[in-house]
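To start, the structure itself, in structure tokens.
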């Protein structure tokens, strides 16, 4: 059998769903000594938020988001990609989320890639592209979905035997020292930190939790946002809410956009991580919360508004709420009911192990070998 040499063509070193899928799988494969090269977006034209980290030696930036024209950049430069396939022996080409890739440019060189490598699409679309989209012109050897709901519309365009399902990966289960993490990040060690993250709604849950904080000063509300622009926007939203409710607000809002390991440190400082897409947001199609998959095995309970994004979590891996009353009850339970808290963390750990980078990556390798 030929040695597997794998190209990943997608997002890297960003905080977005595609990169959250790619990262734990690629990192595990590299730990097992698989030869990996990543071809990804230019930093100024990417999906998600570019992380403030240096690219690794195996990373090459060679295209814009969806092949868009931006000043000073070629929408797609395939030179190094074709060299890897045609001269360096890379024989697996895994494209993640075709809609964010330079489809038309990729389509031009696709026959040359397919002549030397097996081609796999990791499909992130939650609903079908239009029938006349170049999306459907690629002759993939295999298509991988991570939710069964994606299979239906893909089978309208590709043979069912080409379509497989491999679940979304969690990040590695791990534990940290809360006191050390708090000291490292200059956060209070004697407060019950409730952490709100990233691209989620940051205000709809505030009235209920701030009402609790008024009677329980141990609660410390911390928000992490990607950039100063988002911080200003959040501060403006809170200022508007304060006109009718002066108790509304975070104890601290930080701009944080570095590595996933730094995010994990923040999670370890907290007693609860809260994910809220906002009141009335239900979602549609094949969707999930990639952030929840990232955080689920880090030992801190997740509190999430009940909607389609969290439908994969149906066995007590996190606590869902639908209204302020359920939210208040859930916060009280997670802060003060140690037995229930431990049960939720145990369930979360089981989910993380079931979706571990090792388990998910081995499914990819098995499929690659069969090809």
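Read-outs: derived from the displayed coordinates by stated rules, not from any lab. Small disclaimer: the values here were computed from a predicted structure and weren't measured. FYI the Cβ positions are ideal-geometry reconstructions off the backbone, even for glycines, and counts take in every protein chain you see.
Once Rh is set to the Kirkwood radius over Cα pairs, what Stokes-Einstein translational diffusion coefficient, in µm²/s, holds for the chain at a temperature of 25 °C and a viscosity of 0.890 mPa s?
So the translational diffusion coefficient is about 112 µm²/s.
Which distance in nm do the two modelled labels at residue 324 and residue 218 give, with both placed 7 Å along the Cα-to-Cβ direction?
2.4
Using only the alpha-carbon atoms, how far is helix 260-269 inclined from the longest principal axis of the chain? Give it as 0 to 90 degrees, nearest 10.
For 260-269 against the chain, the angle is about 20 degrees.
What nm distance separates the two modelled labels at residue 127 and residue 107, each placed 7 Å from Cα along Cα→Cβ?
Going from the residue 127 label point to the residue 107 one covers 2.2 nm.
Between 168, 153, 63, which gets the highest mean-square fluctuation from a Gaussian network model of the chain, Cα cutoff 10 Å?
153
With the cut-off at 1.5 for a/c, could you classify the stretch 209-288 from its C-alpha gyration tensor as rounded, prolate or oblate?
Taking the square roots of the gyration eigenvalues as a ≥ b ≥ c, the stretch 209-288 is rounded.
Given the convex hull of the Cα atoms of the stretch 1-117, what is a quarter of its surface area in nm²?
On the way: hull surface 29.0 nm².
Averaged projected hull area, Cα only: 7.3 nm².
Give me the base-10 log of I(q)/I(0) for the stretch 124-264 at each q in 0.10, 0.17, 0.20, 0.21 Å⁻¹, Debye formula, one uniform scatterer per Cα, rounded to two decimals.
-0.59, -0.95, -1.15, -1.23
Return one quarter of the surface area of the convex hull spanned by the alpha-carbon atoms of the stretch 178-354, equal to its mean projected area, in nm².
Answer in nm², one decimal: 10.2.
Most fluctuating residue of 273, 295, 281 in a GNM of the chain with Cα springs under 10 Å: which is it?
Among 273, 295, 281, the largest GNM mean-square fluctuation belongs to 281.
Report, in deg cm²/dmol and to the nearest 500, the calculated mean residue ellipticity at 222 nm for the chain, where each DSSP H run with n ≥ 4 adds -39500 (n - 2.57) and the sum is divided by the residue count.
After summing the helix terms and dividing by the residues of the chain, the value is -11000 deg cm²/dmol.
Testing the spin-label approximation: label points 7 Å from Cα along Cα→Cβ at residue 346 and residue 231. State their distance in nm.
Taking the two extended label points, one gets 4.1 nm.
Taking the chain as a Gaussian network, Cα atoms linked when under 10 Å apart, which of 79, 354, 27 shows the biggest mean-square fluctuation?
79
If you rank 69, 97, 35 by fewest surrounding Cβ atoms within 10 Å, what's the result?
69, 35, 97
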